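Novice: What follows is a structure written as structure tokens; I'll ask about it next.
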Amino acid sequence: MVSADDLTIDPDELRSGLSGTTVLDVRWRLGGRPGREDYADGHIPGAVFIDLDTELAGEPGQNGRHPLPDPVKLQEALRAKGISQHTPVVVYDAKDGQAAARAWWILRWAGHRDTRVLDGGLEGWTARQHPVTTDVPNPTRGDIEVKPGSLPTLTADDAARLARQGTLIDARVGPRFRGEVEPVDPVAGHIPGAVNRPTTENTTADGRLRDAPTLRHEFAQEGVDDGAPVGAYCGSGVTAAHTVLALHRAGRTDAALYVGSWSDWVTDPSRPVATGA
């Protein structure tokens, strides 16, 4: 049922094993229509909505806009969604996997190894003529035990050090990286020493994660070296989770996520800010 690299799943594969899988709808966008409304309009049968802002992140503040959730609260939220320790989980969003990757990362960070991203999201699902529904399921309470720390994270100091000693990837679009615009956070620019690779480069036009050889080649061009540490950040630790997903496919399962990302970095005015390419 699952794809060979244990990270993503094809819509047809999910359809064939839907009854034995817990499916989470994690549609989200930065501003605009809430994902919960999209879910109400139609979703994969049996899928349960999970809120990225309130259930897959802690309270915004000094640690950024989407800091790590409290493990106790996360466990309660995941159990309420029907997630059990030994049941496969598939997460999806509208198309490109950027929001779904945050759910993937949080679940794997929490110790749930059998979590995958639906390749192409809901758009890929409906393109195969698979059904959607407006019925809201009442999932049986799960028994997942959250074990935080199962994936590596970076603090601000870690990120600064990694930018000097390895490769720190900034997953935001180029103008934000260069400091030309900053629509969300109070300071524009990037962490000194970081390299820019927008998350959109990880996927094909139909929103599917690129193949391993392509990703390995492209990450190598950005300076990713098998012998040096690698990590990623973005605005608030959402889209950078997709870069970590792509790095996993490229073979770098040690890739670390700076969860607080730029929204955490700029809370301390003593931290340096770089602009330009």
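Novice: Condition check: in contact with a Gly (Cβ under 7 Å, 6 or more places away or on another chain), surrounded by fewer than 24 Cβ atoms within 10 Å (Cβ to Cβ) and at pLDDT 95 or above. Does VAL230 satisfy that? It would help to see each step written out before you state the result.
Specialist: Details: in contact with a Gly (Cβ under 7 Å, 6 or more places away or on another chain): yes; surrounded by fewer than 24 Cβ atoms within 10 Å (Cβ to Cβ): yes; at pLDDT 95 or above: yes.
For VAL230, the condition - in contact with a Gly (Cβ under 7 Å, 6 or more places away or on another chain), surrounded by fewer than 24 Cβ atoms within 10 Å (Cβ to Cβ) and at pLDDT 95 or above - is met.
To keep it simple, each residue is scored yes or no on (1) assigned to a helix (DSSP H, G or I); (2) surrounded by fewer than 17 Cβ atoms within 10 Å (Cβ to Cβ); (3) more than 20 Å from the chain's Cα centre (by Cα); (4) free of Cβ contacts under 8 Å to residues at least 12 places away in the same chain.
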site: PRO186; (1), (2), (3), (4): no, yes, yes, no
site: PRO192; (1), (2), (3), (4): no, yes, yes, no
site: HIS217; (1), (2), (3), (4): yes, yes, yes, yes
site: ALA240; (1), (2), (3), (4): yes, no, no, no
site: ALA246; (1), (2), (3), (4): yes, no, no, no
site: SER270; (1), (2), (3), (4): no, yes, yes, yes
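Novice: Looking only at the range 1-47, which residues are of a type in the set (A, V, I, L, M) and crowded, with 20+ Cβ neighbours inside 10 Å?
Specialist: LEU7, ILE9, LEU14, VAL23, LEU24, VAL26, ILE44, ALA47
Novice: Does the range 1-45 hold any residues that are polar (S, T, N, Q), within 18 Å of THR133 (Cβ to Cβ) and part of a loop (DSSP other than H, G, I, E, B), and which are they?
Specialist: Residue satisfying the conditions is THR21 alone.
Novice: Let me ask something else about it. Of all residues being among the hydroxyl-bearing types (Ser, Thr, Tyr) and assigned to a helix (DSSP H, G or I) in the range 194-209, which is nearest to the chain's Cα centre (by Cα)? Just the residue, please.
Specialist: Residues of the range 194-209 that are among the hydroxyl-bearing types (Ser, Thr, Tyr), as a first pass: 199-200, 203-204.
From the residues that got through so far, the ones that are assigned to a helix (DSSP H, G or I) too are 199-200.
Values: THR199: 10, THR200: 13 Å.
Ranking the qualifying residues of the range 194-209, first place goes to THR199.
Novice: OK, next. I'm checking my understanding of the structure. Among residues of the range 248-262 that are in contact with a Pro (Cβ under 8 Å, 6 or more places away or on another chain) and within 19 Å of PRO69 (Cβ to Cβ), which one is surrounded by the fewest Cβ atoms within 10 Å (Cβ to Cβ)? First the steps, then the outcome.
Specialist: Of all residues in the range 248-262, those in contact with a Pro (Cβ under 8 Å, 6 or more places away or on another chain) come to 254-257, 259-260.
Subset that is within 19 Å of PRO69 (Cβ to Cβ): 256-257, 259-260.
Working: ALA256: 22, LEU257: 26, VAL259: 28, GLY260: 25.
Restricting to residues being in contact with a Pro (Cβ under 8 Å, 6 or more places away or on another chain) and within 19 Å of PRO69 (Cβ to Cβ), the top hit is ALA256.
Novice: Can you confirm whether GLY149 is within 30 Å of GLY46 (Cα to Cα) and either in the same structural domain as ALA220 (by TED's automatic domain parsing) or not aromatic (Phe, Trp, Tyr) (or both)? Full working, then the answer.
Specialist: Working: within 30 Å of GLY46 (Cα to Cα): yes; either in the same structural domain as ALA220 (by TED's automatic domain parsing) or not aromatic (Phe, Trp, Tyr) (or both): yes.
Yes; evaluated as a whole, the condition is true for this residue.
Novice: Restricting to the range 145-174, name every residue that is assigned to a loop (DSSP other than H, G, I, E, B) and of a type in the set (Gly, Ala, Ser).
Specialist: Filtering the range 145-174 down to residues assigned to a loop (DSSP other than H, G, I, E, B) leaves 145-152, 154-155, 166, 171-173.
Correct list: GLY149, SER150, GLY166, ALA171.
Novice: Inspect the range 131-149 for any residue being buried (at least 18 other Cβ atoms within 10 Å of the Cβ) and out of contact with any Gly (no Cβ under 9 Å at 6 or more places or on another chain) and give the result as yes or no.
Specialist: Among the residues of the range 131-149, not one is buried (at least 18 other Cβ atoms within 10 Å of the Cβ) and out of contact with any Gly (no Cβ under 9 Å at 6 or more places or on another chain), which makes the answer no.
Novice: Quick one: how many residues across the range 173-232 are more than 16 Å from ALA256 (Cβ to Cβ) and of a type in the set (A, V, I, L, M, F, W, C)?
Specialist: Looking only at that region, the number is 11.
The values are calculated or read from the model by the stated rules, or taken from the named source; none is laboratory data. Everything quoted here is computed from the prediction, not taken from an experiment. A quick note on method: Cβ atoms are made from the backbone with ideal geometry, for glycine too, and the neighbour counts reach across all protein chains shown.
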